[in-house]
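Working notes for the structure below.
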Amino acid sequence: MSRLMRPPFIDPTTGVAYDTDKGDFEGYLTKQSMWLRDWRRRFFILKGSRLFFAKTPYEAPHGMIDLSRCTTVKSADLKAHKKHSFEISTPETTYLLYADDEKSKDDWIGSVGRAIVRCSSTYVSRGQTHGAGNGANNAINEEEDSDDYSNSSNNPYFND
């Protein structure tokens with residue numbers, strides 16, 4: 001039995017098509033709309049350094065958050081006035097979202113946080129620093145994911 005493929009996201013500004021099939025992490029979240037500030041349930045697809053959202057799992061996504069531009073992902077229950085909520089911040093915008101339960105919220109914060117770190121100029125994997133930029137080639141397979149959090153002189157997270 002063949003499975004349905006999800007249509008790509010077409011960036012309305014550049015016309016670039018982004019493959020959204022077989023995401024790294026997927027599921028439903030509720031997102032606050034940018035203009036009306038009402039809450040809308042959307043299907044989110046995390047793929048590499050981009051977070052796409054669509055009305056359903058099989059529709060073409062109608063929006064994208066470029067995680068290479070993001071500065072933080074953190075809990076936002078008080079700010080959003082919703083349980084299980086979190087925010088994703090860029091220099092220009094803060095996106096408010098909430099999950100169905102606390103575990104799902106934690107899973108999303110962890111997955112988005114790892115994607116943001118992999119886009120940063122200080123990310124270290126296998127002894128090499130990955131530069132910031134478009135984040136196009138920063139995705140790493142689970143088998144290759146050997147992050148270096150040791151207290152060595154090669155790790156930019158530790159200052160001796």
- Within segment 25-58, how many residues are open to solvent by 80 Å² or more (accessible area, probe 1.4 Å) and at pLDDT below 95? 4
- Restricting attention to segment 71-95, the residues that are crowded, with 17+ Cβ neighbours inside 10 Å and among the charged types (D, E, K, R) number exactly 2
- Being open to solvent by 90 Å² or more (accessible area, probe 1.4 Å), under 19 Å from GLU26 (Cβ atoms) and modelled with pLDDT of 50 or more narrows ASP100, ASP107 down to just ASP100
- Top-ranked residue in segment 26-70 [being acidic (Asp, Glu) and part of a strand (DSSP E or B); ranked as farthest from GLU102 (Cα to Cα)]: ASP66
- Query: In segment 71-102, what count of residues is obtained for those that are farther than 18 Å from ARG41 by Cα and part of a helix (DSSP H, G or I)?
  - Reply: 2
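The values are calculated or read from the model by the stated rules, or taken from the named source; none is laboratory data. As the structure is a prediction and not an experimental result, all values here were calculated from the model. Here the Cβ is made from the backbone with ideal geometry for all residues, glycine too, and neighbour counts use every protein chain on show. What goes into the accessible areas is simple: the full protein's heavy atoms, side chains included, and nothing from ligands, DNA or RNA. Shrake-Rupley method; radii C 1.70, N 1.55, O 1.52, S 1.80 Å.
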